[in-house]
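See structure below.
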Amino acid sequence: MRIWCCLCFGEEEEDNKKGYKSMRDPIFGNNGEESPDENSAFDWRNVFDGVNVAAAVRPHVGAADNVGVARNEEIDFDSNWLFSEVEVRNENYSGERMLNVNLNLGLSGEASSSTVLKEDSDRDTCSKRPKVNSFSLDWDNHLLQETSFLCPMNEAVVDVSLSNLLGATDDEGKDTKMEDFDVRMDLTDDLLHMVFSFLDHIDLCRAASVCNQWRAASSHEDFWRYLNFENKQISSNQFEDMCRRYPNATTINLYGTPNIHPLAMKAVSSLRNLETLTLGRGQLGETFFQALTDCHVLKNLTINDATLGNGIQEIPIYHDSLCVLQLVKCRVLRVSIRCPQLETLSLKRSSMPHAVLNCPLLHDLDIASCHKLSDAAIRSAATACPLLEYLDMSNCSCVSDETLRDIAQTCGNLRVLDASYCPNISLESVRLVMLTVLKLHSCEGITSASMAAIAHSYMLEVLELDNCSLLTSVSLDLPRLQNIRLVHCRKFIDLNLHCGMLSSITVSNCPLLQRINITSSSLKKLVLQKQESLTTIALQCPNLLEVDLTECETLTNSICEVFSDGGGCPVLKSLVLDNCESLTLVAFCSTSLVSLSLAGCRALISLELRCPYLEQVSLDGCDHLEVASFCPVGLRSLNLGICPKMNMLHIEAPQMASLELKGCGVLSEASINCPLLTSFDASFCSQLKDDCLSATTSSCPLIESLVLMSCPSVGCDGLLSLQSLPNLTYLDLSYTFLVTLQPVYESCLRLKVLKLQACKYLTDTSLEPLYKENALPALCELDLSYGTLCQSAIEELLACCTHLSHVSLNGCINMHDLNWGLTGDQLSHIPSVSIAPHGSSLGEHQLPNEQPKRLLENLNCVGCPNIKKVVIPMAQGFLLSSLNLSLSANLKEVDIACYNLCVLNLSNCCSLESLQLECPRLSSLFLQSCNIDEEAVESSISRCTMLETLDVRFCLKICPLSMTRLRVACPSLKRIFSSLVPS
């Protein structure tokens, strides 16, 4: 019995007398891995002489396959080629027990006890069905390695079970845990054959080494119909042996093999079922083509990059069954083809000056780049095939209109013609009535007059006219045209298409194109980017959805009529007019438009949109826009802050939720009707007055966030109108000229965030209603940065307004020492801002346990120049978690004992000398550029048991080389930022 299996080998293996190791090495390489070599030599040798086949297949023994083999098997194996031969001679082993192995492989990867299934020695192991109790995905890792010891060399075959290897045997060497399993899986030959049909040759050869049944199944001729020897070093004798082994092979690939002529002769003479043959890279003599007639069932012959004959003789190719013939890049003087059943013929890139065809059924002919074929030879070859449907004559520079006329008259069924790079054709008087695809790339003779001939091809579906340098206009009325290409047509000016089925138009790099007129009921997307001279567009496209006219710099305002209702595009949804710099007055009235982009239209002055379903609009770069009207639109958000010259705005947007006018400094008239608006940002709208604000709050009652920063024209009347906003929670009045906050107290009862940065005209009593009259009870965040409130006003605010959680006093010049350790009686003797449970104005003393609970979590005092001392005792800090005192240049002493403090920023406090901290939850401490010494820092952080980040960069008194001391003082530290250069 001989078994062929497909193996892929790496470097040549040395002879190895150890059977199981020698068998694995060629398959998996030295490390158990596959190591194929595409250009390996085909050199048969008995490198496993005398190897026991049972040992050879041991690493892949099946789950319950009883393998019985002789001790003196012969294995012929190719160590450098894809195929190997395993020849097994079974001898009679009467009286000897056959090897019986039952592997119970669990999914857990652990071996379990199994029953030894004993079989008679004369049972045919190749025909029995294996009984599989369970299957392990870990096939090669441990169980297969264990079974490699079951058949030692030169020893009698014995009964072995996996449990014996694990030590679960009695004194007699028999399994003590023998039991039968009711659940078994029968792997039938049909099922195995179906599974193997999905494997390639490499995997088939691996499967062949599992067991006898798998070896027999993997060698089935159904899996070896296709023999691929591409670029392999195989001799004639070796190939002859392969043909003898697989006489029913139907497909052979000999491309790139040495000396292809004798191999091809052997293939056509010995393989009677050969249907497909691939050859190439060599020389084929005339005798091969004479022998083709004996290969009666051959259907497909491919010869690539070969020399046919001796180069000076005619090569006859006569075959009665051949259907596909490809002679690609072949060298031959003359070829004569007589194949009555031939349907496809390719002579592409072949250097033959003459070709005689006698193929009455030929449908496809490819003679592309056959530069030596004359015009007469092409005409003779094509007209000899009356049923021709596909003709590729691209790069045949000698083709003339006369040849095309003869082809059109003879080949009435011609549907596809590729005449690209044929400079001598103009299609004058050529009538290709049945043509569906016409490719005319880089045809210098194609002009506008050629369109008259193309117009007669009423079946045309695809037309490609790229790089037709003399083409100036295209006017076609073709009912079936679907695709047209016009790329790099330098003189092209006018495009006029009336094609009902047109679905794709590619027009680019036509610098002189001025006019486009398209009528199509199938066109859905139109892209005409970078048409620098385009001025006029007329469209009648009822199904057009997307239009992109980016960088069409000469488009005029009349384009708006094309894309408005009644303009021929009733369902248009997306329109892109980016960088169309000639547009000045844009007005669209469309009930279908959803997205509009006018980015980069710098000359745009007026914009009017009446598009109720418009959801997206882009005006980036429209910095000269002065008047804008969005009435009505379906926008949900709009940002007009990029239009600094806008002075008039009208918006009616029922769905709008966010409107940003930040930076519209000259906006004086605004009508905003957005009933669902929740966020309104009018920052730096210096001309926005009270009447405009009142009208906006009346028509937009759902506003929650209102930003009026740097709106100096807004006064008390405008702020009183905020009572129309019951949901207002965020109000920014920074950089305004407010004198009193009474309108805010009366109108914004639910306000949570109030920003009053740089409101320098507020009186010192402006904040008293917050803590004396319980105004704005929901307020939790207050920003008074860069204000001019006096010392007592700040003192009383921090002392009495206990419901604030975030307070910002950045840059307040009246902010003095922060001392929460003194009571009201003591405060009257200290000229600093001391924050006690009750301010100094209360004039009475309370104990710490009687103080109201503070909700303050975040306090920012950045850049306060008059703070010199900060004292916060444990009883006063309460919920404070973040304290920022950075850039306080005169701060010298900090004493904080705060249980909840997590972040303390003292960066750039260059006068800091004393630091005492008792903050058990402090995680980040920033001391960058502070004038504090190393001992003070070490002492402070030693009481911060949760500190993780410490920043001491540019601290002149702290040496970066002594960071170890700081880590010892605070073991919880994870990150220390210090200067790289020692002080």
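Given their separation in residues at 0.36 nm each and the Cα-Cα distance between them, residue 942 and residue 530 gain 141.5 nm when the chain is fully extended. Proximity of backbone amide H atoms, modeled 1.01 Å from N, is registered between residue 737 and no other residue at under 5 Å, excluding neighbours fewer than 5 places apart on the same chain. Annotation for residue 508 and residue 494: the two label points, set 7 Å from Cα along the Cα-Cβ direction, are 2.7 nm apart.
Once the C-beta distance of residue 521 and residue 574 is scaled by a Förster radius of 30 Å, the resulting FRET efficiency is 0.95 to the nearest 0.05. Going by accessible surface with a 1.4 Å probe and the largest first, 224, 214 read 214, 224.
Candidates 664, 675, 611 compared by Cα position along the dipole of the range 591-734: farthest toward the positive end lies 611, with charges placed on Cβ. With a cut-off of 13 Å, note down the residues of the range 626-667 whose backbone N falls inside the zone around a label point 7 Å from the Cα of residue 602 toward its beta carbon. Within reach of a label on residue 602: no residues.
For the range 755-776, the residues whose amide N sits under 11 Å from a probe point set 7 Å from the Cα of residue 739 along the beta carbon direction are 762-763. Taking 24 Å as the limit for the C-alpha separation, the pairs 266/348; 772/868; 266/299; 530/662; 752/772 exceed it in the case of 266/348; 772/868; 530/662. Listed values for the range 495-505 are Karplus-derived 3J(HN,Hα) couplings in whole Hz (6.51 cos²θ - 1.76 cosθ + 1.60, θ = phi - 60°), namely 10, 9, 10, 10, 9, x, 9, 5, 10, 9, 10, and x replaces Gly and Pro. Site pair residue 717 and residue 968 shows an inter-label distance of 7.4 nm when each label is modelled 7 Å from Cα along Cα→Cβ. Are there any trypsin sites (Lys or Arg not before Pro) in the range 601-649 that are in a DSSP loop and have at most 15 other Cβ atoms within 10 Å? List them by number. For trypsin sites (Lys or Arg not before Pro) across the range 601-649 that sit outside H, G, I, E and B with at most 15 neighbouring Cβ atoms in 10 Å, the list reads 602, 636, 645. For the range 230-242, 3J(HN,Hα) computed residue by residue from phi via the Karplus equation (6.51, -1.76, 1.60; θ = phi - 60°) reads 4, 6, 10, 8, 10, 8, 5, 5, 5, 5, 4, 5, 5 Hz, glycine and proline entered as x.
Treating r as the C-beta distance of residue 791 and residue 749 and R0 as 25 Å, the FRET efficiency rounds to 0.25.
Using Cα pairs closer than 8 Å and at least 6 residues apart in sequence, work out the relative contact order for the range 324-433, in percent.
21
Under the combined filter of DSSP loop state and at most 12 neighbouring Cβ atoms within 10 Å, the range 735-816 retains these GluC sites (Glu not before Pro): 773. Note on the range 292-342: with charges restricted to the Cβ of Lys and Arg (+1) and Asp and Glu (-1), its dipole about the Cα centre is near 160 debye. For a quick check: with amide H placed at 1.01 Å from N, whose amide H comes under 5 Å from residue 676's, ignoring anything fewer than 5 positions away on the same chain? Here the answer is 656, since their amide H atoms fall under 5 Å of that of residue 676. Look at the dipole of the range 382-537 built from charges on Cβ: of 497, 455, 430, the Cα furthest out on the positive end belongs to 497.
Once the Cβ-Cβ distance of residue 241 and residue 376 is raised to the sixth power relative to R0 = 35 Å, the FRET efficiency obtained is 0.10. Computed extension length for residue 957-residue 869: 29.6 nm, one decimal, from 0.36 nm per residue of separation with the Cα-Cα distance subtracted. For residue 775, nonlocal amide neighbours, meaning residues 5 or more places apart or on other chains whose placed amide H falls under 5 Å from its own, are 770.
Only Lys, Arg, Asp and Glu carry charge here, each on its Cβ (+1 for the first two, -1 for the last two); on that basis the range 698-833 has a dipole of about 280 debye about its Cα centre. Compared with the alpha-carbon gap, the fully stretched path from residue 251 to residue 592 is longer by 116.9 nm at 0.36 nm per residue. Placing a label point 7 Å from the Cα of residue 813 along the Cα-to-Cβ direction, the residues of the range 753-782 whose backbone N falls under 14 Å from that point are 758-761. Here the simple spin-label model places points 7 Å from the Cα toward Cβ, and for residue 473 and residue 774 these points are separated by 8.6 nm. Computed from backbone phi with θ = phi - 60° and the Karplus coefficients 6.51, -1.76 and 1.60, the 3J(HN,Hα) list for the range 896-910 is 10, 10, 10, 5, 9, 5, 10, 10, 10, 10, 10, 5, 6, 8, 5 Hz; x is used for glycine and proline.
The values are calculated or read from the model by the stated rules, or taken from the named source; none is laboratory data. Everything numeric here is computed off the predicted structure, so don't read it as measured data. As a convention, Cβ positions derive from the backbone with ideal geometry for all residues, glycine included, and neighbour counts pool all protein chains shown. We work out accessible area using only protein heavy atoms, side chains counted, and drop any ligands, DNA or RNA first. Shrake-Rupley method; radii C 1.70, N 1.55, O 1.52, S 1.80 Å.
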